[in-house]
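**Q** Structure in structure tokens, see below.
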Amino acid sequence: MKIQLVKLAHARSGDKGDTANVGLIAFSDEIYPVLVREVTAARVKEHFKGICKGDVERFELPNLGALNFLLHHSLGGGGTLSLMTDAQGKTFSTALLRMMIDISEEEAQSLDLA
Amino acid sequence: MKQQIRIAAGQGFWGDLPDAPVHQVEGGPIDYLMLDYLAEVTMSIMQKQRSRDPSAGYAKDFVPLMKQILPACVERDIRVTANAGGVNVEGCATAVKEVARELGLSGKLKIGIVTGDDIMPRLDELLGRGVAMRNMDTGAALDTVRDRIQSANVYLGAAPMVEALNAGARIVITGRATDTGLTLAPLIHEFGWAIDDWNKLAAGTIAGHIIECGAQCSGGNCQYEWRSIPNLAAVGFPIVEASPDGSFVITKHERTGGWVIIPSVKEQLVYEMGDPRDYITPDCVADFTTVQLEYEGRDRVRVFGIKGRPATDTFKVSISYSAGYKAVGTLVYSWPDAYDKAQAADRILRGRLDRLGLKFEEILTEFVGANATHGPLAGKPSTDLPEVQLRVGVRSQNRADVERFTKEIAPLVLTGPPGVTGFAGGRPKVEEIVAYWPALLPKTEIQPKVELIEV
């Protein structure tokens, strides 16, 4: 079945120059491995097609049940150069939560998501 | 040695809730108040202010705030760390000294000032000796913007602030200093942590990171269960309750709104994070993958287990330079066909800009209400949207071209698609762009200076 990330995690995003960072935090320890497996750097790059013009890097924080993504060349030059409404990438967090991922019915049931 | 120190955050940025520091002082016991005023581009704004008025160039709000809270700080032995000095630390300290005297506090406190972060006067000497200060993001050489530089400051760490506190400063005022240093310095001072006790320095740094954005760790901008967050109208700013072993509790005053819960602390931990194993400050390298969190009561999250590594041998430099001009114009289109009309207006506008022969480095069109935040991820907008705001921005090195653009927005009301409003603000303003140039500099080039001023 397909499930949207907003049901599995919360997030916060910010900027460093032209790079947006998105921290994705699992709602529970049980959900974290699903994020690690499904929300890969490649999938995030694909998700932000047309928005992220550089590489996507991913870092794991198992201690927080969180993943951190760096989306390079995503903020129209960044900081004061950017013409974007969201020049600081504050809403990249919720944009990531739109992602749909695949999990089996069994897994969904075991995670109380079905 | 005290077994517990309470450090309260009073400002998450220059322009944060004006009364937050007052509530931190009056809402319950604290030992320190830390105030972060400097965003990346703040220094260039202050440099501009100082070029017009030699007594300006610091966070002006800091002075009336001190007037309001200094008597309580002296009476209850609360110390203040603030990077309010901007590009005129002495000027800021002088103004605070005057206020303290007016309050009858002569002889009752010392102000510590930290300078040495300003390398603007030394840029040519440094470049001449081969200190390249290449752009950390692009690798570009500083020569390419040399004649447009407006300010250049090193991010100083906790060490000079510790020196000021050790010398008895009640208020420590710095220029460009890291926001994490404002929290770490009191901990080093109070607990006598060694300057190479990397785990403890990393713990104090992460404590600083959690509270440096003010209420953003205590319920503000919190996605987790946001509807359930109590009384954000009276949101409590965060307090670090630190122990000598490096563990600490994030909390807030009783009878305040917001909440301190593990998810709210996690959200702030990942904010503006790069590689979590390498959070580099002038003081140490902190490893966010070692942070452990647990509840210790209502609105109390205990943070422990933090590991760090030795500091690097470079300081980060924040350089600002003039990078051209920009302007943003907006108009609002109403139902029916709001999105189609806004798109048509954008095509008409661009056609006119072309006919005028204006050249821009960038033109960006966004449709607020349809795709301004999530872009293509928002999907195809509904044909039934009640309204859409057309938002067009341009950027150019040529001020006249940007100026000309601003005259093309309001006329669209009488010469473009129907059902349009929202032009009451008049022509958009042309803004000078002051851009940010991050670089590194060997620590050996910098000698921070600490002075104490008796009030």
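**Q** Residues of the stretch A:75-93 being at the interface with chain B (Cβ under 7 Å from one of its Cβ atoms) and not small (Gly, Ala, Ser), which ones?
**A** A:80, A:81, A:83, A:84, A:85, A:86, A:91
**Q** Do you know which residues across the stretch B:28-48 are surrounded by fewer than 19 Cβ atoms within 10 Å (Cβ to Cβ) and at pLDDT 90 or above?
**A** Within the stretch B:28-48, B:28, B:29 meet the criteria.
**Q** Name the residues in the stretch A:1-17 that are among the basic types (Lys, Arg), out of contact with any helix residue (DSSP H, G or I) (no Cβ under 7 Å at 6 or more places or on another chain) and in a strand (DSSP E or B), would you?
**A** So in the stretch A:1-17, the residues among the basic types (Lys, Arg) come out as A:2, A:7, A:12, A:16.
From the residues that got through so far, the ones that are out of contact with any helix residue (DSSP H, G or I) (no Cβ under 7 Å at 6 or more places or on another chain) too are A:2, A:7, A:16.
Residues satisfying the conditions are A:2, A:16.
**Q** Moving on to the next point. Identify the residue in the stretch B:257-296 that is in a strand (DSSP E or B) and more than 14 Å from every other protein chain (Cβ to nearest Cβ) and, among all such residues, is surrounded by the fewest Cβ atoms within 10 Å (Cβ to Cβ). Step through it out loud before you land on a result.
**A** First pass over the stretch B:257-296, keeping only residues in a strand (DSSP E or B): B:257, B:279-280, B:285-287, B:292-295.
Filter again for more than 14 Å from every other protein chain (Cβ to nearest Cβ), leaving B:257, B:285, B:295.
Details: B:257: 17, B:285: 19, B:295: 13.
If we take residues in the stretch B:257-296 being in a strand (DSSP E or B) and more than 14 Å from every other protein chain (Cβ to nearest Cβ), then B:295 is surrounded by the fewest Cβ atoms within 10 Å (Cβ to Cβ).
**Q** Quick one: how many residues across the stretch B:404-449 are of a type outside the set (A, V, I, L, M), within 30 Å of residue B:338 (Cα to Cα) and buried (at least 16 other Cβ atoms within 10 Å of the Cβ)? Steps first, please.
**A** Filtering the stretch B:404-449 down to residues of a type outside the set (A, V, I, L, M) leaves B:404-408, B:411, B:415-419, B:421-423, B:425-429, B:431-432, B:436-438, B:442-445, B:447-449.
From what is left, the residues that are within 30 Å of residue B:338 (Cα to Cα) are B:404-408, B:411, B:415-419, B:421-423, B:425-429, B:431.
Restricting the remaining residues to those that are buried (at least 16 other Cβ atoms within 10 Å of the Cβ) gives B:404-406, B:408, B:416-417, B:423, B:428.
The number of residues fulfilling the criteria is 8.
**Q** Right, here's the next one. Mind checking whether some residue in the stretch B:108-130 is touching a helix residue (DSSP H, G or I) at 6+ places or on another chain (Cβ under 6 Å) and among the charged types (D, E, K, R)?
**A** So far as the stretch B:108-130 goes, yes, one or more of its residues are touching a helix residue (DSSP H, G or I) at 6+ places or on another chain (Cβ under 6 Å) and among the charged types (D, E, K, R).
Condition check ((1) without any contact (Cβ under 8 Å) to a residue 60 or more places away in the chain; (2) among the charged types (D, E, K, R); (3) closer than 19 Å to residue B:34 by Cβ; (4) surrounded by 17 or more Cβ atoms within 10 Å (Cβ to Cβ)) across all residues:
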site	(1), (2), (3), (4)
B:69	yes, no, yes, yes
B:75	yes, yes, no, no
B:86	no, no, yes, yes
B:96	no, no, yes, yes
B:99	yes, no, no, yes
B:105	no, no, no, yes
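**Q** Scan the stretch B:141-153 residue by residue and report those that are out of contact with any strand residue (DSSP E or B) (no Cβ under 8 Å at 6 or more places or on another chain) and either charged (D, E, K, R) or at pLDDT 95 or above (or both). Steps first, please.
**A** Taking the stretch B:141-153 as the starting set, the residues that turn out to be out of contact with any strand residue (DSSP E or B) (no Cβ under 8 Å at 6 or more places or on another chain) are B:141, B:143-144, B:146-147.
B:143, B:146, B:147, listed by residue number.
**Q** Right, next: Is there any pair linking a residue in the stretch A:56-73 that is small (Gly, Ala, Ser) to one that is at pLDDT 95 or above, with Cβ under 6 Å and at least six apart or on different chains, and which?
**A** Sorted first by the residue in the stretch A:56-73, then by its partner, the pairs are A:65/A:26; A:65/A:29; A:65/A:32; A:66/A:23; A:66/A:25; A:66/B:270.
**Q** One residue is enough: does the stretch A:100-110 have a residue meeting the conditions within 13 Å of chain B (Cβ to nearest Cβ) and either assigned to a loop (DSSP other than H, G, I, E, B) or not small (Gly, Ala, Ser) (or both)?
**A** Start the filter on the stretch A:100-110 by keeping residues that are within 13 Å of chain B (Cβ to nearest Cβ), which leaves A:100.
Retained after the next criterion (residues that are either assigned to a loop (DSSP other than H, G, I, E, B) or not small (Gly, Ala, Ser) (or both)): A:100.
There is at least one residue in the stretch A:100-110 that is within 13 Å of chain B (Cβ to nearest Cβ) and either assigned to a loop (DSSP other than H, G, I, E, B) or not small (Gly, Ala, Ser) (or both).
**Q** While we're looking at this one, here's another question. Looking only at the stretch B:330-366, which residues are within 11 Å of chain A (Cβ to nearest Cβ) and outside any loop (DSSP other than H, G, I, E, B)? Walk me through it before giving the result.
**A** Filtering the stretch B:330-366 for residues within 11 Å of chain A (Cβ to nearest Cβ) gives B:330, B:360-366.
Correct list: B:330, B:362, B:363, B:364, B:365, B:366.
**Q** Another question about this same structure. Residues of the stretch A:36-71 being at the interface with chain B (Cβ under 9 Å from one of its Cβ atoms) and assigned to a loop (DSSP other than H, G, I, E, B), which ones?
**A** A:48, A:49, A:50, A:51, A:62, A:63, A:64, A:65 - these are the residues of the stretch A:36-71 that are at the interface with chain B (Cβ under 9 Å from one of its Cβ atoms) and assigned to a loop (DSSP other than H, G, I, E, B).
**Q** The conditions are (1) out of contact with any helix residue (DSSP H, G or I) (no Cβ under 7 Å at 6 or more places or on another chain); (2) surrounded by fewer than 21 Cβ atoms within 10 Å (Cβ to Cβ), and residue A:89 fails exactly one of them. Which is it?
**A** Unmet for residue A:89, out of (1) out of contact with any helix residue (DSSP H, G or I) (no Cβ under 7 Å at 6 or more places or on another chain); (2) surrounded by fewer than 21 Cβ atoms within 10 Å (Cβ to Cβ): (2).
**Q** Pairs only if they're at least six apart or on different chains, beta carbon under 7 angstrom, first in the stretch B:371-393 and without any contact (Cβ under 8 Å) to a residue 60 or more places away in the chain, second exposed (fewer than 11 other Cβ atoms within 10 Å of the Cβ) and part of a loop (DSSP other than H, G, I, E, B); list them, first residue then second.
**A** Correct list of pairs: B:375/A:50; B:376/A:50.
**Q** Could you list, in sequence order, all residues of the stretch B:114-172 that are in a helix (DSSP H, G or I) and under 23 Å from residue B:84 (Cβ atoms)?
**A** Step one: of the stretch B:114-172, the residues in a helix (DSSP H, G or I) are B:120-128, B:142-148, B:159-166.
Residues satisfying the conditions are B:120, B:121, B:159, B:160, B:161, B:162, B:163, B:164, B:165, B:166.
**Q** Quick check: is even one residue across the stretch B:297-319 closer than 30 Å to residue B:429 by Cβ, part of a strand (DSSP E or B), in contact with a Ser or Thr (Cβ under 7 Å, 6 or more places away or on another chain) and polar (S, T, N, Q)?
**A** no
**Q** So which of A:40, A:91, A:19 is at pLDDT 95 or above and more than 13 Å from the chain's Cα centre (by Cα)?
**A** Working: A:40 fails: more than 13 Å from the chain's Cα centre (by Cα); A:91 fails: more than 13 Å from the chain's Cα centre (by Cα).
When all the criteria are applied, what remains is A:19.
The values are calculated or read from the model by the stated rules, or taken from the named source; none is laboratory data. Since the structure is predicted, the reported quantities are computational estimates derived from the model, not experimental observations. Here the Cβ is made from the backbone with ideal geometry for all residues, glycine too, and neighbour counts use every protein chain on show.
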